[in-house]
There are 2 protein chains.
Amino acid sequence: MDAIPIVGGTGALGWGLALRLGRAGHPVVIGSRDAGRAEEAAAKVREKAEGADVQGAGNADAATRGPIVFLTVPFRAQSENLTNLKEALTPGQILVDATVPLAAAVSGKATRLLGVPQGSAAEQAQEMVPEGVTVVSALHSVSAPTLSDPDASLDEDVPICGQKKDDKARVAAIIGSIPGLRPVNAGALETARLVEGLTPLLISVNIRNKTHAGIKFTGLPEELWR
Amino acid sequence: MDAIPIVGGTGALGWGLALRLGRAGHPVVIGSRDAGRAEEAAAKVREKAEGADVQGAGNADAATRGPIVFLTVPFRAQSENLTNLKEALTPGQILVDATVPLAAAVSGKATRLLGVPQGSAAEQAQEMVPEGVTVVSALHSVSAPTLSDPDASLDEDVPICGQKKDDKARVAAIIGSIPGLRPVNAGALETARLVEGLTPLLISVNIRNKTHAGIKFTGLPEELWR
């Protein structure tokens with residue numbers, strides 16, 4: 001129980017996260033529906049990050065390998081993935097949900113957000129995980145192409161939402177270990193609906209300005225997470 | 001028709017905008033339901049910004065004084081104000097809507113966004129203005145206390161949403177004339193719903209981090225609005 005599992009880690013965001021966490025010295029387990037594809041993705045990380053301890057496994061297997069599990073799947077697949085993790089996740093674990101309910105999930109535009117009955121993808125996740133597992137929401141404003149580009153440097157903020165400050169601080173410690181990412185306490189889990197809206201907003205900004213934008217908050221104190 | 005009208009300019013955001021635009025050399029007309037209160041607010045600007053050409057007027061009168069009208073009222077008052085402006089606004093004018101549908105409008109929390117039937121306060125405004133008046137959405141992420149503090153310096157971005165790039169560029173030229181504000185083309189008017197969500201998100205970040213945060217986009221090209 002001491003690695004960082006990334007369920008859906010073969011996608012661009014998850015793979016980029018594995019790359020960055022591997023480089024930062026964390027043992028990582030990339031999860032995929034197909035354990036073979038997970039191992040291929042892990043091998044690709046090891047190639048780009050010498051000495052990184054990154055393995056591959058089936059999603060459910062991966063999810064048992066550490067206390068803080070990242071979920072980096074498209075919204076279309078979030079519900080199915082969480083159903084498949086019901087037997088794997090155990091009380092005390094934190095699930096870090098990076099899902100964005102883009103209208104692209106139903107063949108709509110990536111600049112539009114779907115309404116989620118629970119309020120946000122993160123709150124849908126909280127409804128679906130086993131009792132005792134808590135959901136923290138993060139990583140929505142980090143560009144997947146940038147994160148997964150081994151040569152790209154980062155310099156942006158990562159808003160973190162969740163019910164307990166301690167849970168958020170544990171997730172922040174992991175994300176903050178990646179050079180160029182500054183985790184920011186953005187509020188309760190319900191605030192995830194506003195943060196999930198950053199993704200289609202950034203996609204809209206990207207289209208108009210031909211870039212992969214991230215966000216930064218101005219006016220924050222030097223020392224966060226006190 | 002050559003001043004910048006600010007309807008609801010006696011509130012903190014509108015007054016701060018009048019102060020900053022006055023300092024930047026623009027003639028400004030602060031509008032209020034009560035012309036006397038508008039003139040008082042204008043006098044207060046002139047006191048803080050020597051030589052500034054800032055006048056006060058009733059809202060409907062103010063709205064006739066320039067081609068680009070700023071609307072800086074609480075969501076609770078947006079609909080009433082637009083009804084009162086129906087006779088004053090004329091085709092070809094741009095209405096810059098800075099309204100945020102915070103749940104505070106119905107005595108809820110300022111960290112929560114209300115659902116607006118049209119999708120956003122900006123789209124509600126577009127539905128209510130006379131034919132030929134176009135709505136551009138802006139200024140949601142600028143902290144009113146910071147903007148209205150004569151001694152505070154600014155350093156942040158202002159996402160601008162609207163249907164026509166030319167309209168957005170005209171509004172951007174005004175906002176960009178304020179030192180420390182960088183206008184960013186954030187997309188079509190419907191994107192305003194995501195930008196309006198920045199306000200409750202920033203309020204949530206402010207509560208956790210005891211500040212008045214703004215936002216900046218990372219990775220933007222040097223030259224915007226080409």
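The values are calculated or read from the model by the stated rules, or taken from the named source; none is laboratory data. Remember, it's a predicted structure, so these values are computed and weren't measured experimentally. Don't worry about glycine lacking a Cβ; one is built from the backbone with ideal geometry, like all the others, and counts go over all protein chains shown. Accessible surface is based on the protein model in full, side chains and every heavy atom, while ligands, DNA and RNA are left aside. Shrake-Rupley method; radii C 1.70, N 1.55, O 1.52, S 1.80 Å.
Quick notes on this one:
- In the context of the full protein assembly, A:Met128 retains an accessible surface of approximately 30 Å², using a probe radius of 1.4 Å and ignoring ligands and nucleic acids.
- Accessible area buried, both sides summed, chains B and A with 1.4 Å probe, Å²: 2600 Å²
- Sites A:Glu47 and A:Ala12, calculated FRET efficiency, Cβ-Cβ separation with R0 25 Å, nearest 0.05: 0.90
- Here the accessible area is traced with a 1.4 Å probe on the protein chains. For the protein assembly as shown, carbon and sulfur cover 49 percent of it.
- Alpha-carbon gyration tensor eigenvalues x 5, square-rooted, for the protein assembly as shown, Å: 44, 20, 19
- From the C-alpha gyration tensor of chain A, square roots of 5λ in Å: 23, 21, 19
- Given charges at Cβ of Lys, Arg, Asp, Glu: the stretch A:45-117 dipole, positive-most of A:Ser107, A:Val69, A:Ile94: A:Ser107
- Averaged over the residues of B:54-65, the number of partner chain Cβ atoms lying within 10 Å of the residue Cβ comes to 0.
- Cα pair distances of the stretch A:168-224 binned at 5 Å [whole percent]: 4, 15, 19, 25, 22, 11, 4, 0
- Contact order normalised by residue count of the stretch A:18-150, Cα under 8 Å, 6+ apart, percent: 20 percent
- Our coupling estimate for the stretch A:106-122, obtained by passing each phi through the Karplus curve with A = 6.51, B = -1.76, C = 1.60 and θ = phi - 60°, is 10, 6, x, 7, 6, 8, 10, 9, 6, x, 10, x, 7, x, 6, 4, 5 Hz, Gly and Pro reported as x.
- Average partner coverage of B:149-156, which counts Cβ from other chains inside 10 Å: 1
- At 7 Å out from Cα toward Cβ: A:Lys109 inter-copy label distances (nm, ascending): 3.0
- Residue-level accessible surface for A:Ser143, protein heavy atoms, 1.4 Å, Å²: 10 Å²
- Loop-resident GluC sites (Glu not before Pro) (DSSP state other than H, G, I, E or B) in the stretch A:120-226 with no more than 15 further Cβ atoms inside 10 Å of their Cβ: A:Glu131, A:Glu222, A:Glu223.
- Most simply put, chain A has about 5% antiparallel DSSP beta bridges, counting only bridges with both residues inside it.
- Bins of 10 Å, starting at 0 and running to the largest distance - Cα pair percent for the stretch B:99-226: 13, 41, 36, 10, 0
- Qualifying trypsin sites (Lys or Arg not before Pro) for the stretch B:57-107 [loop in DSSP, other Cβ within 10 Å: at most 12]: B:Lys86
- Within the stretch B:179-208, backbone nitrogen closer than 18 Å to the virtual label 7 Å beyond the Cα of B:Glu223 toward Cβ: B:183-185
- When all protein chains stay in place and ligands, DNA and RNA are ignored, the 1.4 Å accessible-area order of A:Lys210, B:Lys216, largest first, is A:Lys210, B:Lys216.
- Heavy atoms of B:His140 accessible to a 1.4 Å probe, total area in Å² rounded to 10: 10 Å²
- The stretch B:48-121: GluC sites (Glu not before Pro) falling in loop per DSSP and having at most 14 other Cβ within 10 Å: B:Glu50, B:Glu87
- If R0 is taken as 35 Å, the Cβ-Cβ distance between A:Glu127 and B:Glu127 corresponds to a FRET efficiency of 0.55.
- Alpha-carbon centroids, the stretch A:145-164 and the stretch B:157-226: separation in whole Å: 20 Å
- Per residue, the accessible area of the stretch B:174-226 comes to 38 Å², computed with a 1.4 Å probe over protein heavy atoms only.
- Between B:Val106 and A:Ile207, the distance separating the two model label sites (each 7 Å from Cα on the Cα→Cβ line) works out to 3.0 nm.
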